[in-house]
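Written out below as structure tokens is the structure these notes cover.
Read-outs throughout are calculated quantities, based only on the coordinates presented, and are distinct from any laboratory measurement. All of these numbers come straight from a predicted model, not from anything done at the bench. Cβ atoms come from the backbone with ideal geometry, glycine included; neighbour counts cover every protein chain shown.
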Amino acid sequence: MNLADALSQYLSSVTSEVAPYAHQELHRFGRTIGLDRRVDELAPPEIAGYAESVVAAGGDIHGRLFPLKEFLTYLKKGGFSSHSLAPHVKIPRATARAVAASRVAESAIPMTAEGVALLREELDLLKGQRVGIVESIKLAAADKDFRENAPLDAARENQGKAEARIRELEETLRHAVIMVPQKQNKGVQVGSTVVLQDLASKKNVTYKLTDSADADPSAGKVSISSPVGQAMLGANEGDEVAVMAPKGERRFLISSIKV
């Protein structure tokens with residue numbers, strides 16, 4: 001399996017858990033290392049070298065490297081890599097502690113109105129669960145034996161995850177910019193519905209290009225971060241585009257674009 005396929009498979013499996021910013025950073029890593037590289041050929045020194053270059057560049061170090069550690073852990077657990085690569089991504093402790101205050105996602109995050117609505121719905125749901133989580137912690141803490149209080153540990157862990165997700169959603173929504181399709185622009189953009197013709201089988205498939213939050217491949221909605229989305233973005237009617245699929249490269253003709 002090459003790196004492009006591994007990234008596509010990973011992002012498809014955790015699309016609801018990975019923020020658009022993380023999508024961008026994982027694809028940046030792929031382009032730097034080489035999307036056509038075989039996963040089982042990735043070596044610890046080059047992973048460490050990439051991480052060191054990110055640290056040297058400064059900025060949102062945690063935001064760039066933490067998604068990479070998660071992805072590399074996935075490769076090892078899934079048996080795609082024989083190396084334990086995640087430990088070679090070193091994130092400075094000071095950076096990790098300051099991540100909530102130093103997120104540098106100041107650039108606009110393009111999203112559809114539907115995607116923004118989904119994130120707001122999730123945010124409202126999580127905030128509504130805060131009282132229940134606190135109550136569960138109080139109930140678990142009623143057991144004075146803290147040494148082996150698994151329910152209390154689980155409740156606190158649940159609270160930590162919920163609060164981290166709330167901060168992530170608030171940060172994403174703060175930088176979200178709703179993309180309004182421009183009819184005068186005939187190229188594929190967020191919100192476009194595109195008819196693709198498979199040049200090998202001559203069969204047509206229709207996709208709507210969305211942001212990561214609104215993506216649903218089973219419903220024909222593909223993210224701008226997906227291989228198909230990246231290939232289509234900015235293309236025009238009559239263009240041929242290449243998409244890296246698990247079984248190799250597939251070429252499509254853009255038959256029509258609707259905004």
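Provide the per-residue ³J(HN,Hα) series for the stretch 188-195, in order, calculated from phi with Karplus coefficients 6.51, -1.76, 1.60 and θ = phi - 60°, each as a whole number of Hz, with x at glycine and proline positions.
Couplings: 5, 9, 4, x, 6, 9, 10, 9 Hz.
Simple spin-label model, 7 Å along Cα-to-Cβ: residue 57 to residue 154 in nm?
So the two model labels end up 4.1 nm from each other.
For residue 84 paired with residue 256, estimate the spin-label separation in nm (one decimal), with each label point 7 Å from Cα along the Cα-to-Cβ line.
It works out to 5.5 nm between the two label points.
Please report 153, 239, 214 as a ranked list, fewest other C-beta atoms within 10 angstrom at the top and most at the bottom. Walk me through the numbers before you get to the answer.
On the way: 153 12, 239 15, 214 22.
Least to most surrounded, the residues fall as 153, 239, 214.
Need the full-extension length gain, residue 139 to residue 206, defined as separation in residues times 0.36 nm minus the C-alpha distance. One decimal, nm. Walk me through the numbers before you get to the answer.
On the way: separation 67, 0.36 × 67 = 24.12 nm, distance 5.15 nm.
Roughly 19.0 nm would be gained on extension.
Assuming R0 = 22 Å, what is the FRET efficiency of residue 43 and residue 1, from their Cβ-Cβ distance, to the nearest 0.05?
Numbers: r = 16 Å, r/R0 = 0.73.
Approximately 0.85, to the nearest 0.05.
Could you calculate the contour length gain from residue 32 to residue 193, that is, 0.36 nm times the residue separation minus the distance between their Cα atoms, to one decimal place in nm? Present the calculation step by step, with values, prior to reporting the outcome.
Details: separation 161, 0.36 × 161 = 57.96 nm, distance 3.03 nm.
Extra length available between residue 32 and residue 193 comes to 54.9 nm.
Find out how many positive minus negative residues lie around residue 3, taking Lys and Arg as positive, Asp and Glu as negative, among other residues whose Cβ is under 11 Å from that of residue 3. Intermediate results must be reported in sequence, preceding the final value.
Details: positive: 31, 37, 38; negative: 5, 36, 40, 41.
Result for the neighbourhood of residue 3: -1.
Of the listed pairs 202/247; 161/247; 69/161; 77/161; 77/247; 76/247, which have alpha-carbon separations greater than 27 Å here? Working shown, then result.
On the way: 202/247 18 Å; 161/247 36 Å; 69/161 17 Å; 77/161 21 Å; 77/247 22 Å; 76/247 21 Å.
The answer is 161/247.
Apply the Karplus parameterisation 6.51 cos²θ - 1.76 cosθ + 1.60, with θ equal to phi minus 60°, to every residue of the stretch 248-257 and state each ³J(HN,Hα) to the nearest whole Hz, in sequence, with x for glycine and proline.
These are the phi-based 3J(HN,Hα) values: x, 6, 10, 10, 10, 9, 7, 7, 7, 9 Hz.
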